[in-house]
Every structure is written in C-alpha cells, then in structure tokens.
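Q: Sharing a structure here in structure tokens format.
Just so it is clear, none of the values below were taken in a lab; they were calculated from the coordinates. Owing to the predicted nature of the structure, the values given are computational and were not obtained by experimental measurement. Heads up, the Cβs are rebuilt from the backbone with ideal geometry, glycines too, and the neighbour counts pull from every protein chain shown.
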Amino acid sequence: MSTDTFRFSKSSKTLNSLLLIIPMVLLFIGVYGGLMQTLFRAGIIQSDPFVGGDYYKGLTFHGVLNAIVFTTFFAVVFGNALVPYALKKNLNSKIAWVSGILMLVGSVVAAVVILIGEATVLYTFYPPLKAHPLFYIGLTLLVVGSWIAFYNWVPMYLEWRRENKGKKTPLSVVGIFTTFIIWFIATLAVAVEILFMLLPWSLGWVDEINVMLARTLFWFFGHPLVYFWLLPAYVMYYVFMPKLAGGKLYSDMAGRLVFMLFILFSIPVGTHHQYMDPAIGSQWKLLHGIFTFAVALPSLITAFTLAASLEHAGKQNGGKGLFGWMGKLPYFNKENWFFPYLILGLFIFIFGGIGGIINASYQMNTVVHNTAWVPGHFHLTVAGPVMLAFLGGSLYLIGQFMNKEIRLKGWAMISPYVYTIGLLLMSYGLKIGGLMGMPRRTNTGASYANPDSILYVSEWMPYINLTVIGGVIMFIGIVMFIVSFFATVFSKSKSGEEDAIITFPISEPLHDEPATWLRNFKPYVIIAIILIILSYTPVIIDVLQATYGGSPPYSPDSPVPLR
Ligand code: HAS
C-alpha cells in the first residue's frame, strides 16, 4: 500500500460517507428489482408486492437506480476523494455539500415518482412514454449536482498546474477529469431534451413530442454515458490494480493516450444505437459506425497495457514462463480483497467488449437489436466491470472516509467471484436467447415462457432458466457484499481521530515517458467538439426534415394514448 496520505476535513468525510451509504441502500433496492426481473421474465412469480406486479415499473426502478443513480454518486465521490488526494488540495466543502444535497434530493424524488407508478418509462425514458414532471426534475437535479461537483475540482486543478509547471498531472486526475469532461458535454444534450421537450410535454404545455429528435438527443447522451460509467473503473485498473497485483503500470503514456482518445471518440457515435431507426441517412449511420470502431481502440490499448502490467506483477511474484505469471496474481488473499473486484471485471470485459464490437457492425446489429442479446451485452459491461469496480471502490472508500477496518474480509473477497459466476450464466442465457429471437424489455413470463399462452416458445426455456439461475447467484453475491459493507459502516472506528487520513494504492509506472503531447486537455476537447459537430449536424438535419407532427403520450401497458 502507498504510504502517501492526505487529511480530509470532517465535513468532507461526513458528506462523502453519506454519498456512499445512501446510494448503496438505493442500489440494494435496485438489485432486488433486478432479481424480480429474472423471476418475472421466467414466469416464476406473477407479482412483486414492492412494485405491485408492474413489470415495467420494476424494470424502470432497476435501471434508474443501478445504472444512473448509483453510478453517478460513485463517480462524484470517487472524484471528491481522488482529486484532493492526488493534488494535495482541500475540497471546498460548502460547494461539495450543495452538489451532494442536489443529487440526493433529485434521486429520492425520481425514485419516489417511479415507486408510485408515475414514471414507467425505463432508464432510457424516451417518448412517447411519458413520466410525471417530477421524474425529469429529479434527474435534472442529479445531473446539475454532479456538474457542481466537477466545477468544484477545476480551481484546484488550475491552481496545482500554476504551482507545478512542467510536471505531469497525476494519471488519476487525468482519468477523473476525462470522465467528467465527457459527462458534461454529453449531458448538455439530455438537458436540452428534458428542458425543451420532455418537461413542457409532461406538464401539458404542448400536446405532442418529436419522438425521433428526443431519441437522437438521448443517444447523444446515452453512449458517452457508458464511458462515464467505464472510466472510473479504468482509473482503478490503471492506477490501483498494478500495485494491488504486486507490480507497476507497464506504460504511463498508454494510460494518458487512452483517456485522451476517449475524449475524442466517446460522443460522435450515438447513432449506433439507432441503426434500426428511420429518419437518419445510412451514410451518417456509417460515419457513426466508423467512430464506434475508433472508440474501441482505447479499450484494445488498455487490454494490452494491463495484460503487460499484470504479467510484470505476476513475474515479480515468482511466475515463470509464458503463462506462469497468471497463476501468481493475488486472487484469493483476504488482505488484498480489492484485487478480485478489478481482475474479475477485466476478465468479464473481454466478453462485454467483443459483444460491443458485434453490436457496432451494422449487419450483426440487425440480428441482435431489441433482443435479449443487448441486456446480455450491457450486463457484461456496466453490470460487470463497472459494477464490480464501483462496489470494490465503495468498500475501500467507506473504510477510508469512516476510518474503519473492513469487516468480513473473506465475504468481501468471495462476493465478486460469486457475482461473476452468476453474471456469466445470466448473460449467456440472455445472449443465446437473444440470438434465438427472444425480445428484450418484455415480460416473457406473461407470454413466451407461459405454457398456457399461444405465444409460448419452448426452445427459449433453457436460456430463460439460465438467466434465473444466474440472476439468483448474482443476488447472493451482492448480498454478501452488502453485509460486509454495512458491517464495516456499523463497526467501531480504528482510532478516535476526528479527521480521516486517506490513502490509495497508487501504482508507479514501469515506463514513465514524458508524453508532452498528452499533457493538455484543450486540443483534445477542441477536436472532440469538431467531430461532434461534423457527425451530429447532418443527423439532426435529417431527423428534423424527416419527422413531422409529433406523438401524444403513451404508457407501456396501454396501446392507446394517455390523452
Ligand atoms: Fe455497448 C448497447 C457498442 C462498450 C453499455 N452498450 C449498449 C447498451 C448499454 C451498453 C447499456 O454499436 C444498451 C443501451 C440500450 O438500453 O439500448 N459497446 C459498444 C462498443 C463498445 C461498447 C463498440 N457498452 C460498452 C460499455 C458499456 C456499454 C463499456 C457500459 C459500461 N453497445 C454497442 C452498440 C450498442 C450497445 C452498437 C447498441 C445495440 C443495440 O442495437 O441496441 C466498446 O467500447 C467495447 C470495446 C472493448 C473491448 C474490450 C477490451 C478488453 C479489455 C479486457 C482485457 C482483459 C485483461 C484481463 C487484460 C475491445 C480491456 C486478463 C485476465 C487475466 C486473468 C490475466
């Protein structure tokens, strides 16, 4: 472990602990919703008292709490911890509290609106499904709160640069800033969608909405959103994992290049979610497809850099020969419980990434779009590497901020293995079911998995059953984690100290290249904006020219408009 430490104020320690604990409770409710999904879809249960048997309400709850609320909170707390730590500068606690309170209020409001059945719009919330205005307002507060957290780090960074001319910004800070630069640009589109389209429509000020334009603005945000999820995990892979494995980061420059490439290519790709949509010209879909392959490049560089870092660590630990190092990584060391959260996520991402490249290929997309294959893909990405890294990171941070020794370390170490086994089974079931035509976002239990229904498809049953078995195992893994997390929260502090002294396992680079061309965000942000303008202007023009009129609101449970 690094001996480098930084003392956080009591106020920032309390705030960040709350921002870890409250979303963890929401995550658990969301995970329970996930379990219910698999049971519903298989027809094992017909009604979940928590959501009153409403499949779409449960699905919205699961998606919004897990994929949007938990992830955003973690990214903010991670930045609140890592930026001051790496730059050795104090966080402005007052601004941090404003940001945290906005995020908490927004999330609770959105969650309550979903729970009372006023927002069965799924996590993509695209129209013509309509939610209560408070749902959109809640999400807006969550996003604005996260922007404020980001603005709070900027003066610290600028001050550090003035004081450290010629020095490289710590890689962790480069990673966090990349995450939030992408987040800020991407959320501008969803802000326009919410403020100028969804809210006025939901408030009844306008009768109809341009569905295609709203979907396009959503995916302008929706794809970079996946990198907003992924990049904090990448920070942990690059900055913590080599050290936890017992080695060094193979190349510091590769890490910096990867983050800058994400700034360039994360955004001008959203139309690959709309390959099957009308209104957008096929030439622009091709352009977004090409950029999609470009955005896979930083992950491929990551695969090689991290494999080289792990090989170096394994060899330091005594591994011999071509593959001997693999057996010398600390997979089952209770004191190093954090490592499995990272290595297992990375392993899962091999399959998640390959699936992404398949989705990005237009012809393959015609086969998998809107089938269960797609949730198969995203569970191998956001619910795999991202969730595991965020869970491990949350446990690590809560121990640091609350000055506690991690409790039930054995459970904490085994939990990601249990979760991974469940995840692989569930995703395999979803993917093969999807290839056989099983639709996504459909209560299969009420139709295709019901032997009494004329829609019954017996061939899908083994795969539906696999998703149930996998889902239950994942749930057990998460319960083990939650027990360890709250056992830590409610345990006695390590010492009577008021202020938390934070430390992180920061890896040293094996090759520390000067990388002068990778030291400034500005050129990359400018090129990214040019690429966004080039790729999105024709798409928006096509959408505006091809669509006319609009749609009244619908609910997923009814074939007739709401009004
Ligand atoms: Fe995706 C749909 C394409 C990555 C999430 N994606 C989704 C949806 C979500 C999602 C949530 O082109 C569904 C949205 C919805 O609700 O409709 N995705 C891609 C591509 C990538 C990709 C090209 N996706 C992600 C990540 C996500 C995510 C990351 C979340 C965090 N995705 C698509 C497309 C669709 C899509 C289409 C639309 C589908 C449709 O039709 O609806 C790439 O970024 C992937 C690149 C990754 C790699 C893998 C590199 C491997 C690494 C591991 C190395 C391992 C080591 C371990 C070193 C090339 C880094 C060694 C192990 C030892 C034990 C030693």
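Q: Measuring from label point to label point, each 7 Å out along Cα→Cβ, what is the Ile530 to Ser458 span in nm?
A: Each label point is offset 7 Å from its Cα along the Cβ direction, giving 6.2 nm.
Q: Also: Give me Met326, Met36 sorted ascending by neighbouring Cβ count inside 10 Å, so fewest comes first.
A: Numbers: Met326 14, Met36 24.
Least to most surrounded, the residues fall as Met326, Met36.
Q: Out of every Cα-Cα pair in the chain, what percent are more than 30 Å apart?
A: On the way: 79517 of 158203 pairs.
In whole percent, the long-distance tail amounts to 50.
Q: On a C-alpha basis, how far is the centre of the stretch 115-160 from the centre of the stretch 455-473 in Å? Whole number, if you could?
A: Between the Cα centres of the stretch 115-160 and the stretch 455-473 lies a distance of 34 Å.
Q: Is any residue of the stretch 392-429 close enough, with backbone N under 18 Å, to a label point placed 7 angstrom from the Cα of Ile44 along the Cα-Cβ axis, and if so, which?
A: Of the residues in the stretch 392-429, 418-429 have backbone N under 18 Å from the label point off Ile44.
Q: Still on this structure, I have one more. Multiply the residue separation of Arg162 and Trp97 by 0.36 nm, subtract the distance between their alpha-carbon atoms, and state the gained length in nm to one decimal. Kindly include the intermediate steps, with their values, before the conclusion.
A: Numbers: separation 65, 0.36 × 65 = 23.40 nm, distance 2.66 nm.
Here the answer is 20.7 nm.
Q: Where the only charges are on Cβ atoms (+1 Lys, Arg; -1 Asp, Glu), what is the dipole of the chain about its Cα centre, to the nearest 20 debye? Display every interim value, and only then the final one.
A: Details: 34 positive and 24 negative charges, 290 e Å.
About 1400 debye.
Q: What does the C-alpha gyration tensor say about the overall shape of the stretch 458-534? Classify as rounded when a/c is under 1.5, otherwise prolate if a/b is larger than b/c, or oblate. Walk me through the numbers on the way to the answer.
A: Values: a/c = 2.80, a/b = 1.19, b/c = 2.35.
Taking the square roots of the gyration eigenvalues as a ≥ b ≥ c, the stretch 458-534 is oblate.
Q: Moving to a separate point now. May I ask you to list, by number, the DSSP H helices of the chain whose Cα span along the axis is at least 24 Å and whose average Kyte-Doolittle hydropathy reaches 1.0 or more?
A: On the way: long enough: 10-41 (46 Å, 1.08); 93-115 (32 Å, 2.15); 133-163 (46 Å, 0.59); 171-192 (32 Å, 2.36); 211-235 (36 Å, 1.28); 282-316 (51 Å, 0.65); 338-360 (32 Å, 1.99); 409-435 (40 Å, 0.88); 461-489 (42 Å, 2.09); 521-546 (37 Å, 1.85).
Span-like helices here: 10-41, 93-115, 171-192, 211-235, 338-360, 461-489, 521-546.
Q: Grab every C-alpha pair in the stretch 342-503, bin the distances at 5 angstrom width from 0 up to the longest one, and report whole percents.
A: The distribution over the stretch 342-503 is 2, 9, 15, 17, 14, 12, 10, 8, 6, 4, 2, 1, 0, 0, given as percents.
Q: Reported to two decimal places, what Rg/Rh ratio describes the stretch 495-562 when computed on Cα atoms with Rh from the Kirkwood expression? Write out the running numbers ahead of the final one.
A: Numbers: Rg = 25.8 Å, Rh = 19.3 Å.
Across the stretch 495-562, the Cα-based Rg/Rh ratio is 1.34.
Q: Counting other beta carbons within 10 Å of each residue's own, what order do Arg519, Arg215 fall into, fewest first?
A: Numbers: Arg519 15, Arg215 22.
Ranked by crowding around the Cβ, least crowded first: Arg519, Arg215.
Q: Okay, moving on. What is the fewest-to-most order of Trp97, Trp325 by other Cβ atoms lying within 10 Å of their Cβ?
A: Working: Trp97 16, Trp325 22.
If I rank by nearby Cβ atoms, fewest first, I get Trp97, Trp325.
Q: While we're here: Hey, how many Å between the Cα centroid of the stretch 42-93 and the Cα centroid of the stretch 528-563?
A: That distance is 27 Å.
Q: Let me ask another. Fully extended, how many nm does the chain gain between Lys522 and Leu297 (0.36 nm per residue separation, minus their Cα-Cα distance)? Provide the component values of the computation, followed by the final result.
A: Numbers: separation 225, 0.36 × 225 = 81.00 nm, distance 2.10 nm.
The Lys522-Leu297 span can extend by a further 78.9 nm.
Q: Something else now. Below 15 angstrom from the Cβ of Arg407, what's the summed charge of the other residues (Lys, Arg +1; Asp, Glu -1)?
A: Working: positive: Lys334, Lys404, Lys409, Lys492, Lys494; negative: Glu335, Glu405.
Local charge sum for Arg407: +3.
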